[in-house]
Amino acid sequence: MILSRFLKTILILTLLLGLNWLFKNQINPYFTQIVCLIGINIIMAVSLNLINGITGQFSIGHAGFMAIGAYTAAAITVYLHDPVLSRLSFLPMPVAEGLFFIAALFAGGLFASLAGLLVGIPTLRLRGDYLAIATLGFGEIIRVIVLNLEFVGGARGFGDIPEYANFFWIYLFVLITVAVVANLVKSFKGMALLAIREDEVAAESIGIPTSRYKIIAFTVGSFFAGIGGGLFAHLITYLHTNSFTFLKSIEFIVMVVLGGLGSITGSILAATLLTLLPEALRGFDEWRMVAYSLLLILMMILRPQGILGTREIGFLKR
Amino acid sequence: MLLEIKNCSLSFGGIQALKNFSADLQATELLGEIGPNGAGKTTLFNVLTGVYQPDEGEIRLGGSSLLGKLPHQINEMGMARTFQNIRLFKEMTVEENVLVASHHRIRSSLLALTLRRKNALREEEVLTKQAFGLLDMFSLLDRRLDLAKNLPYGDQRKLEIVRALVTLPKVLLLDEPAAGMNVTEKKELMHLILRIQSEFGIAILLIEHDMSFVMSLCPRLIVLDYGLTIAEGTPEEVRKNPRVIEAYLGEKVRINSLGG
Amino acid sequence: MTEFLQQLINGLAWGSIYALIALGYTMVYGVLRLINFAHGDVYMIGAMTGYYAAHRIALGASGFKFGIVLALSMIACALLGALIERVAYRPLRNAPRLSVLITAIGVSLFLEYGGQLLFGADPKFFPELIANRPFLEWRGVVINNIQFIILLVSVILMVLLQFIVMKTKIGKAMRAVSFSHTASQFVGINVGSVITVTFLIGSALAGAAGVMVSLSNPKIDPLMGIMPGLKAFVAAVLGGIGNIPGALVGGYLMGIAETFVTAYLSSTYRDALAFIILILILLVKPTGLLGKAVKEKV
């Protein structure tokens, strides 16, 4: 049993490395960039789905967690690059950089999840709309704080971030995110999150500590949002707080709702679709946002459950 | 004495829902709770399970006080309930509704479960078998993959009871379990309740409006009105009690069922 | 002291604007339990409508022209608000809350970006209908006539609203619907009509705010409703969302707080102030200064 798990991991890693080589050397960089962005958006959508879709909470400030992850990871790789890598000079460069990158990403995820904790705890008593507004406010506060931090660029933006993120790293974390969230929700204890969404009072009556689980949802969701942010920073190599506005949070909400609140495969599908669509509509920039907003309205009126509702397809089927 | 309720009072704004209410429940006893609408029956359940904290009074389960405890803690201590308006997890399957209730019986941590460690998976297997056994007993096993919201009404009520049983309670609070059921279903339910009592050794406190149901099932009854106990005793005694008859006088339909 | 009073006047003027917008948020939340994200953009439409009206009406700049422009904008916004309610929110009357929230966000985005397409994204300059001159002076504290007009018109509108809500049949119906839709239906109230009227009134007030703000801040653009909308919303929450006097209290507090922070602290934190107030109020007393907590029935 364990052996085959080990073998499976080796196989997946090899596949990812192979695809990475393919994208880097054989496929045109524009397309590769899109594929990488899709991966990041999948991480963002799935992590948001854990909070909004699976646990039924109203978090509309997800871009804030992404920002924390992005700026933390970037600050580490930019400022600690030389001191850390010089200490790791006994290792071959790609390995040293890889380890450094993972550490930076995890730091970003950790800080983001701390923020998730900070948001989750006081908002426990807030219902629906109030929770939504609190998360919105939080997201904006983060943005304003970062905007005023000079050492990460302030209003000019933060540039010269090493380009560590590639197909391999991004999709490695896509797989980790999806696996963790899926396994979490499938487990008997993780199912408590679904129960909380369905009926909090009933959940409490069968022994589920609802407050604790809501916090878990926020913390895990924001952790992966932070990872997504860190990957984003090292793909685009330049950060500006304009990338993390309320509008960005809305984009993620649209992905989750379009895919179906509670459906992980739905989020994957929707994230892919909604990353490709703007590219396909490149020439019609002004119409893009108008079309987007109409899509939102029509979707909620005509098919609020999104593409897949709460179902999963493929290997994630319950 | 398994469950002791002493002088509990609770008011909402100007309304006194429970007034100096006291009652006792022995282990494996089956106690029926009746009373006109608004008497405070469901409020009592809410107080017992920690949804509301009483303004005064004491509640003890197996000697330990329940005051100040959160609902999920009270469930862990051994009290489970069903709801008057059925609160199933509608978008989850029958199976999931029941498995999620095994929550506080799992030793493995959330992390171990997420990483699908061997011990964790084994625990899940054991708990699944137990849960399926219960579903089978209530004839719900072949519908285990159906969504809870798609079950017929009677089965939904049964499922809620199974879900509560999975938490291995010492005391089970049933809030109008027979509501909306037909004669056959009610008969089946009666047998199931008696089975639960004997096979699992659980004490049951049952709220019901159907007089013939509760009087043929429960050897002892308490009658509530305006938040206090107005009578207590065997069905025979209660039936003849003038205070009880007076309390129900406003509800013409009940008079007939009181008589037989 | 002079400085303090002067800032107070400025704060009251801004407070009037926020209060007018906040009233719309609070009334709609009261009858529908919906946070109408698009409300701030109705304020923007008010300014835009005023702009086009001011250009088309062949009258010289004057108070009279201002009055007409104001009336036209209020009517246009009222109709827009009612339209939004009918088209976007009414179909979702039984939908889960998150769905309606998302739709409201969609409408907001539609107005903003649609506005950019329709009006052009570049800022426009609202014509000067009333020249900015000092109106009253007392010991060095100046109220200029635009501020006076804002205060006067706002107070008139608020008094009117109070009258409608407290003394008329429709106002009583609005209060009933805020309390319970079911109970209202039982006493024969047409809940749908009441909701439409609520949107009509709330949107008209926002439109008025949009025109008045353009008198002193003539630079207008399709995205101008975002920040004031958010701040007015926070003001409504501060006062107690669903509570009409609360919207007034919240609006004026917000205006004054903002003015003082900008004057005595720093203007970079002006926008963040709203969010800080929001977080604080949600942590300390989510139901707001004048609001009451509601218990869930089990």
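At 7 Å along Cα-to-Cβ for each site, give me the label-to-label distance between A:Arg311 and A:Ser4 in nm.
Reported label-point gap for A:Arg311 and A:Ser4 is 2.8 nm.
Can you tell me the order of C:154-163, B:198-207 when each peptide is scored by its average per-residue count of other Cβ atoms within 10 angstrom, highest first?
Values: C:154-163: 15.8, B:198-207: 18.4.
Averaged packing, sorted descending, gives the order B:198-207, C:154-163.
Output the peptides B:43-50, C:40-47 sorted from most to least packed, where packing is the average of other Cβ atoms within 10 Å over each peptide's residues. All intermediate terms of the calculation are to be shown ahead of the outcome.
Values: B:43-50: 24.1, C:40-47: 28.4.
Output ranking for B:43-50, C:40-47: C:40-47, B:43-50.
Between A:Asn28 and C:Leu280, what is the FRET efficiency for a Förster distance of 51 Å, r being their Cβ-Cβ separation, to the nearest 0.05? Before the final figure, lay out the partial values.
Working: r = 51 Å, r/R0 = 1.00.
The computed FRET efficiency comes out at 0.50.
Can you work out the FRET efficiency for the pair A:Ser89 and A:Asp160, with r the C-beta to C-beta distance and R0 = 22 Å, to the nearest 0.05?
Numbers: r = 22 Å, r/R0 = 0.99.
Efficiency computed from Cβ-Cβ geometry: 0.50.
Mind sorting A:Thr275, A:Thr237 by how few other Cβ atoms lie within 10 Å of their own Cβ, fewest first? Working shown, then result.
Details: A:Thr275 21, A:Thr237 15.
Arranged by neighbour count, lowest to highest, A:Thr275, A:Thr237 become A:Thr237, A:Thr275.
Percent antiparallel among DSSP beta bridges with both residues in the protein assembly as shown, to the nearest 5? All intermediate terms of the calculation are to be shown ahead of the outcome.
Numbers: 27 of 43 bridges.
Percentage antiparallel, nearest 5: 65.
Quick check on chain C: helices-only [θ] at 222 nm, where DSSP H runs of length 4 and up contribute -39,500 (n - 2.57) each and the sum goes over total residues. Nearest 500, please. List each step's numbers first, then the result.
Numbers: 11 runs with 206 residues, N = 298.
That comes out to -23500 deg cm²/dmol.
Each residue of segment B:15-27 in turn: what ³J(HN,Hα) in whole Hz from Karplus with 6.51, -1.76, 1.60 and θ = phi - 60°, glycine and Pro shown as x?
For segment B:15-27, the Karplus-derived couplings read 9, 8, 7, 10, 10, 6, 7, 9, 6, 10, 9, 7, 4 Hz, x marking Gly and Pro.
Peptide A:297-310: average number of partner chain Cβ atoms within 10 Å per residue? Numbers along the way, then the final one.
On the way: counts 13, 3, 4, 14, 10, 1, 0, 8, 2, 0, 0, 0, 1, 3.
That average works out to 4.
Given A:Lys186/B:Lys187; A:Lys214/C:Lys231; B:Lys90/C:Lys169; A:Lys189/B:Lys149, which pairs have Cα atoms separated by over 32 Å? Could the numbers behind the result be given before it?
Details: A:Lys186/B:Lys187 37 Å; A:Lys214/C:Lys231 28 Å; B:Lys90/C:Lys169 42 Å; A:Lys189/B:Lys149 22 Å.
Violating the 32 Å limit, Cα to Cα: A:Lys186/B:Lys187; B:Lys90/C:Lys169.
What per residue convex hull volume, in Å³, comes out for segment B:90-168 when only alpha-carbon positions are used?
Working: hull volume 6.8 nm³, N = 79.
Here the figure is 86 Å³ per residue.
What ranking do B:Glu124, C:Glu3, B:Glu58 get, fewest neighbouring Cβ atoms within 10 angstrom at the top?
Working: B:Glu124 20, C:Glu3 11, B:Glu58 14.
Fewest-to-most ranking of B:Glu124, C:Glu3, B:Glu58: C:Glu3, B:Glu58, B:Glu124.
Count the net charge of all other residues whose Cβ sits under 15 Å from the Cβ of B:Ala23, scoring Lys and Arg as +1 and Asp and Glu as -1. Can you show the working numbers first?
Details: positive: B:Lys6, B:Lys19, B:Lys41, B:Arg60, B:Arg220; negative: B:Glu4, B:Asp24, B:Glu29, B:Glu33, B:Glu58, B:Asp225, B:Glu232.
Result for the neighbourhood of B:Ala23: -2.
Separation between the B:Phe132 and C:Ala61 pseudo-spin-labels, each 7 Å from Cα along Cα→Cβ, expressed in nm?
Label-label distance for B:Phe132 and C:Ala61, simple model: 8.4 nm.
With θ taken as phi - 60° and the coefficients 6.51, -1.76 and 1.60, list the Karplus ³J(HN,Hα) couplings across segment C:37-49 in order, rounded to whole Hz; mark glycine and proline as x.
Along segment C:37-49, the couplings run 3, 6, 4, x, 6, 5, 4, 5, 4, x, 5, 5, 4 Hz.
Considering every residue in B:79-88, what mean count of other chain Cβ atoms within 10 Å of its Cβ is obtained?
Values: counts 1, 3, 3, 2, 5, 1, 2, 2, 8, 3.
The mean count of partner-chain Cβ atoms within 10 Å per residue comes to 3.
Using DSSP to define loop residues, name the chymotrypsin sites (Phe, Trp or Tyr not before Pro) in segment A:204-294 whose beta-carbon has at most 15 other beta-carbon atoms within 10 Å. Walk me through the numbers on the way to the answer.
On the way: sites: A:Tyr213, A:Phe218, A:Phe223, A:Phe224, A:Phe232, A:Tyr238, A:Phe244, A:Phe246, A:Phe252, A:Phe284, A:Trp287, A:Tyr292; in loops: A:Tyr238.
For chymotrypsin sites (Phe, Trp or Tyr not before Pro) across segment A:204-294 that sit outside H, G, I, E and B with at most 15 neighbouring Cβ atoms in 10 Å, the list reads A:Tyr238.
Read phi for every residue in segment A:110-123 and hand back ³J(HN,Hα) as whole Hz from Karplus 6.51 cos²θ - 1.76 cosθ + 1.60, θ = phi - 60°, with x for Gly and Pro.
With the stated coefficients, segment A:110-123 comes to 5, 4, 5, 6, 4, 4, x, 5, 4, 7, x, 4, x, 8 Hz.
I'd like the mean, over residues of C:90-98, of how many other protein chain beta carbons sit within 10 Å of each residue's own Cβ.
Neighbouring Cβ atoms belonging to other protein chains average 4 per residue here.
From the Cα trace of the protein assembly as shown, what convex hull volume per residue do you get, rounded to a whole Å³?
Working: hull volume 170.6 nm³, N = 876.
In the protein assembly as shown, the Cα convex hull volume per residue is 195 Å³.
Just to confirm the filter: which chymotrypsin sites (Phe, Trp or Tyr not before Pro) across segment A:51-131 are DSSP coil and have at most 12 other Cβ within 10 angstrom of their Cβ? Provide the component values of the computation, followed by the final result.
Values: sites: A:Phe58, A:Phe65, A:Tyr71, A:Tyr79, A:Phe90, A:Phe100, A:Phe101, A:Phe106, A:Phe111, A:Tyr130; in loops: A:Phe58, A:Phe90.
Here the sparse-neighbourhood loop sites are A:Phe90.
Could you list A:Leu247, A:Leu274 in order of exposure, starting from the residue whose Cβ has the fewest other Cβ atoms within 10 Å? Numbers along the way, then the final one.
Values: A:Leu247 16, A:Leu274 20.
Least to most surrounded, the residues fall as A:Leu247, A:Leu274.
Of the listed peptides A:253-266, C:4-17, what is their order by residue-averaged count of other C-beta atoms within 10 Å, with the highest listed first?
Numbers: A:253-266: 25.8, C:4-17: 20.1.
Put in order of decreasing packing, that is A:253-266, C:4-17.
Could you give the nm distance between label points at A:Leu276 and B:Thr234, where each point is 7 Å from its Cα heading toward the beta carbon?
For A:Leu276 paired with B:Thr234, the spin-label model returns 7.6 nm.
Just from its helices, what would the mean residue ellipticity at 222 nm be for chain A, if runs of 4 or more DSSP H residues each count -39500 (n - 2.57) and the sum is divided by every residue, rounded to the nearest 500 deg cm²/dmol? All intermediate terms of the calculation are to be shown ahead of the outcome.
Working: 13 runs with 228 residues, N = 318.
My calculation for chain A gives -24000 deg cm²/dmol from helical runs alone.
A short reminder: the numbers here are calculations on the coordinates, not readings from a lab. Keep in mind it's a predicted model, so treat the numbers as computed, not measured. We place every Cβ from the backbone using ideal geometry, glycine too, and count neighbours over all the protein chains shown.
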